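The next block holds one structure in the form of structure tokens; read it before the comments.
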Amino acid sequence: MKHSRRVIFLAIIILFSVVTGCSGKNNEFSRPPAVAGLYYPAAPGELNSIIDKYLAQVPAQAINGEIIVLIVPHAGYVYSGPIAAYGYKLLANTTYDTVILIGPSHHEFLNVASIYTAGSWETPLGKVAIDSALAKAIVAENNLFACSDQAHQKEHSLEVQLPFLQKTLHFFRIVPILVSDPNPANCALLAQAIIKNCDPRKKYLIVASTDMSHYHTQEEAKTLDKLALALLEKQDLTGLTAGLNSGACELCGQGAVLTALAVARLKGPAKVKILKYATSGDVTGDLDRVVGYGATVIYTARKEADKGEKTMINQDQQQELLKIARKTIEAYVTSGAVPDFKITDPLLKEKRGVFVTLNKDNQLRGCIGYIMPIEPLYLAVSKMAIEAATGDPRFPPVTREELSRLEIEISVLTVPERVKDPADIILGTHGVIVRKGGCGGVFLPQVAIETGWSKEEFLNELCSQKAGLPEDAWKNKDTELYIFSAEVFSERR
């Protein structure tokens, strides 16, 4: 059985220096398996057979959507393999360009993330190449991210996932990421870096590696793990973080799970399904000191055509809107002219609410938008691009010299709906509008992810910072709260 130690949260962040590879290793270097023969069989035939056995034992399950995250355990296969198989069985007949593996470091404390950037990883079933371009791009996003050979050399939490992936997927690359720090704000930084640098033309899967409660009685473990799974199923990051910090529940891969949830939220509204739960006691019969294991899937639900919902914006349409915003800003800043766009796509002519956000050197440079759908989408993007560049009262107008350093982000909104109970607000999924008297304000969905605020902090700041109301005004019965969702996409630099 796997032995682990609880990660101790350190409040002081020690900055790692940014590197572009692990100790200068080149793209030909292959990390050999560290725990073959310990956590899983070292003989290829035996390894193939045991994974086939585990997968065959899993009943077929249908997921009506695109799988974006699997949360699976990482103990020895004899204990957790049958549980992990519930997640991996869902990957049959699917394809992904890159699998981003995120797990805890059991041997070395890491200040936010260590990302393996070059070469390949090897198991008894063969080698899997690193998506070096993506890994290096993520490292370059923040000086909290680095790469440490030592951290990855003996670590099992990611390695044990590879044979399952090799059995269920065909060609794919990986980005191995180890985390220790469970600070939600730092998990959000890593999630943003992942989303920002994923090519919108490619398909990615996040695998978050974690076991659950450790070394309690069977009864105690089930109580702890039931709470964790319930909070996970509700996508309650605030409640899950509070439960983990208080000891009401346990996840040894806390940082990995919080990062995966943040990635899922940034991609848009998602659903969570708990696939399977068991403990080591179910295998060994020893119920006095068990470890909990769970398998969970997070997926984007397919839209039902008969519900009258707005059509999702595909990647070509996203790129077209980004080009419109870019061309508009460049023309307006350099000459004061507003380009005329000939649009034939019916969806881009739909009236939609939209925000255009400008960032420069990873710092906000302007953000303006329409909440309500009052103009055709392409025209709203063009107008709000100009406003974000020149009309945000918090910033001076964008200059010619800044154009090449701007990154454009667009948020296309659904129509706001009023909610009576703040409990209906899902942080990271819903944007929120507050109104009382003649005062009002709005936060986009991504604000919760970017700040790491709890729901109370989010609503307090919305009232005080954006609406000029007392921070607890959202608790009053005569204060109106509206929610909306957003499809968020940006340029890749």
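Rule-based calculations on the coordinates, nothing more; no lab input. Just so it is clear, the structure is predicted and the values come from calculations on it, not from any experiment. Cβ coordinates were reconstructed from backbone atoms using ideal geometry, including for glycine residues, and neighbour counts include every protein chain displayed.
In the calculated pair distance distribution of region 306-413, what percentage of Cα-Cα distances lie above 20 Å? Within region 306-413, distances greater than 20 Å cover 36 percent of Cα pairs.
Pairs of C-alpha atoms in region 189-330 farther apart than 24 Å represent 45 percent of all such pairs. Restricting the calculation to alpha carbons of region 30-301 gives Rg and Dmax of 17.0, 50 angstrom.
Packing, taken as the mean count of other beta carbons within 10 Å per residue, orders the peptides 123-131, 340-348, 470-478, 165-173 from highest to lowest as 123-131, 165-173, 470-478, 340-348. With both residues required to sit in the chain, DSSP beta bridges show an antiparallel share near 70%. For the pair region 126-176 / region 342-376, the C-alpha centres are spaced 35 Å from each other. Does region 20-148 come out rounded, prolate or oblate, given a ≥ b ≥ c as the square roots of the eigenvalues of its C-alpha gyration tensor, rounded meaning a/c under 1.5 and, failing that, prolate meaning a/b above b/c? Prolate shape, in that a/c is at least 1.5 and a/b is the bigger ratio. Residues whose amide H lies under 5 Å from that of Arg365, counting only those 5 or more places away or on a different chain, are Leu358, Asn359, Lys360; hydrogens are built 1.01 Å from N in the peptide plane.
The length gained on full extension between Asp52 and Glu480, counted as 0.36 nm times the residue separation minus their Cα-Cα distance, comes to 148.6 nm.
Between the entries [x] -0.80, -0.95, -1.27; [y] -0.70, -0.87, -1.26; [z] -0.82, -0.91, -1.10, the label attached to log10 I(q)/I(0) by the Debye sum over Cα atoms at q = 0.10, 0.11, 0.13 Å⁻¹ calculated for this structure is [x]. Among the listed pairs Lys234/Lys327; Lys136/Lys276; Lys203/Lys383; Lys267/Lys327, give every one whose C-alpha distance is greater than 30 Å. The pairs that break the limit, which is 30 Å between Cα atoms, are Lys234/Lys327; Lys136/Lys276; Lys203/Lys383. Scalar couplings 3J(HN,Hα) for region 319-324, obtained by applying the Karplus form with A = 6.51, B = -1.76, C = 1.60 to θ = phi - 60°, are 5, 5, 5, 5, 5, 4 Hz; x denotes Gly and Pro. Using the Karplus relation 6.51 cos²θ - 1.76 cosθ + 1.60 with θ = phi - 60°, the per-residue 3J(HN,Hα) values for region 242-254 come to 4, x, 5, 5, 8, x, 5, 8, 9, 9, 5, x, 3 Hz, with x marking Gly and Pro.
Mean projection of the Cα convex hull over all viewing directions, computed for region 140-260: 9.2 nm². Could you grab the Rg to Rh ratio for region 416-493? Cα atoms only, Kirkwood for Rh. Radius of gyration relative to Kirkwood radius: 0.98. Projecting the Cα atoms of Val291, Thr357, Gly336 onto the charge dipole of the chain, computed from C-beta unit charges around the Cα centre, puts Gly336 farthest toward the positive end. Here the peptides 219-226, 196-203 are ranked by packing, the mean other Cβ count within 10 Å, and the order with the highest first is 219-226, 196-203.
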